[in-house]
Amino acid sequence: MVERQRSYAGVMVGQLLLALVWCFPGPFGLVVGCIAWSHGEDWAWIALVAGLAFSVPIPFMARTTARRQFPRITRRDTAEDEDVVPYGEHTFVLWAPESPQGHAQARLERADVLEASLVRYSPEGEATFTTYPGTYTPNEFTPLVRLKLRVRGTEEFEVTDEWRVPSVCLSAVTAGRLAVLVDPAGKVTPLWPRSTLLAGTRTSRVVDLEGRLTDVTRFTGRQLRQMRISRDVGGVEMAGDTIDLRRLDAATAARYTAVAEWARTSPEERAPVTEPGEESRWIVDGLPGDPAAFGSVSRRWSRRGGVLIRGRFLKMSPTDTFQDHGPVLDTVLRVQPVDGTPAFDAARRLTVPLNYLAVLHRTRDVVLYTSPNGGSYVIDWSRTNLLAGTTEAKVIAPDGRELPLTGRPDTIWALMNLLASHGLSTVTPVLDLRQNRMRAVAGAAMDAIASTL
């Protein structure tokens, strides 16, 4: 676990040595050419040119591999304006693979997830990056999940089956709300991108014909009506997480306006973040990803003034590359530096663990540790997963009492910072204040727990 705070320079040196081994004919050719040149051999220039041709790619290969394996974030990663929709404080854009269109006479309905269990997720690439052409996503990188659904609509019924769930859509299963198509024969097909909208993972906003912005996230009745209109007309363009009626044709805009009027005259309550019965569909424990923990600390990093900060994902979109414990995604992450300088939005390609993606409807926050000089940031997935609630966190008080921290991210965050500032590592989700090494922080930890009640 301590290797999570290894330096980028160390990774770069390791990759440089590895690249030298891969491209050994280059340096070898340069050495042979230099020796031949010193002896006046006419063919020396051939060895020198060949050696140079094989040696030039070495630093570029090392930098590319190091950047992929150690995904630090700097201000040089600032997202370009044309690539970023202006985001509010609570908006999140998620681009998901397209769902099948289904039967032309199929009805679009809501389905509640009553039970869920992971059937299979078994890629065999170990820690390597696997890339496929185009938008193809192989089954081995798509979890197979058994779902028991209650389909709502004119006729309510239950169905149990196994479906492949795109990694970025796993949170819809955990949240417990799906958008599905029901064809005339009764076959049920989940629509995964629309399910993330219904689940509230993707935020959803509408700009009306007068330019007024309305947040419709987790207003499921209105969203279902909007989805049906979109399906009828063959799709409606979203700019980020926003549908702008001023960009639609008059007939479609009028239908959306009618839905907005229905919502005004028949107000509905916003759906909960997670539907009741989450424990019966909790597939998070079976998914790969860094184990949740209060985190490891390098004492040198702590002594030099390294700190933890929180960031927040603004956008995720799939790529054609996968790792065993999660897909490689193009992300935009908002980082708030500790020195008081303005926050910046960084565009970075990252491997995001599946267990974090499964709770993405709850939070898009991440924990980053920053270099002592504040020049770079690295996501700590163990701390992030604990803060997100993939595992229950708890504290064992000096008197032996067990204090659960479920649903208390601010308390967990305060304890993480306390431990990091004292150079103390706890690589489990349980903080035992009875340990001798915790005596110096036990009092402050109990105060932090009390102050965040």
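Condition test on W262, is it among the aromatic types (F, W, Y), within 30 Å of T128 (Cα to Cα) and surrounded by fewer than 20 Cβ atoms within 10 Å (Cβ to Cβ)?
No: the conditions fail for W262.
One line per residue, one yes/no per condition, for (1) over 25 Å from A254 (Cα atoms); (2) in contact with a strand residue (DSSP E or B) (Cβ under 6 Å, 6 or more places away or on another chain):
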position	(1), (2)
V151	yes, yes
E155	yes, no
T174	yes, no
L178	yes, yes
P184	yes, no
P193	no, no
T203	no, no
E210	no, no
G221	no, no
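Can you tell me how many residues within region 284-335 are of a type in the set (A, V, I, L, M) and assigned to a strand (DSSP E or B)?
Step one: filter region 284-335 for residues of a type in the set (A, V, I, L, M), giving 284, 287, 292-293, 297, 307-309, 314, 316, 328-329, 332-333, 335.
Restricting the remaining residues to those that are assigned to a strand (DSSP E or B) gives 307-309, 314, 316, 328-329, 332-333, 335.
Residues in region 284-335 being of a type in the set (A, V, I, L, M) and assigned to a strand (DSSP E or B): 10 in total.
So that you can scan it fast, the table gives a plain yes or no per residue for (1) closer than 17 Å to R72 by Cα; (2) in contact with an Asp or Glu (Cβ under 8 Å, 6 or more places away or on another chain); (3) at pLDDT 90 or above:
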{"position": "P272", "(1), (2), (3)": "no, no, yes"}
{"position": "G277", "(1), (2), (3)": "no, no, yes"}
{"position": "G295", "(1), (2), (3)": "no, yes, yes"}
{"position": "S317", "(1), (2), (3)": "no, yes, yes"}
{"position": "R334", "(1), (2), (3)": "yes, yes, yes"}
Quick check on region 419-436: of everything there that is within 16 Å of W301 (Cα to Cα) and surrounded by fewer than 18 Cβ atoms within 10 Å (Cβ to Cβ), which residue is farthest from the chain's Cα centre (by Cα)?
H422
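The values are calculated or read from the model by the stated rules, or taken from the named source; none is laboratory data. Predicted, not measured: the structure shown is a model, and the values here were computed from it. Please note: Cβ atoms are built from the backbone with ideal geometry, for glycine as well, and neighbour counts cover all protein chains shown.
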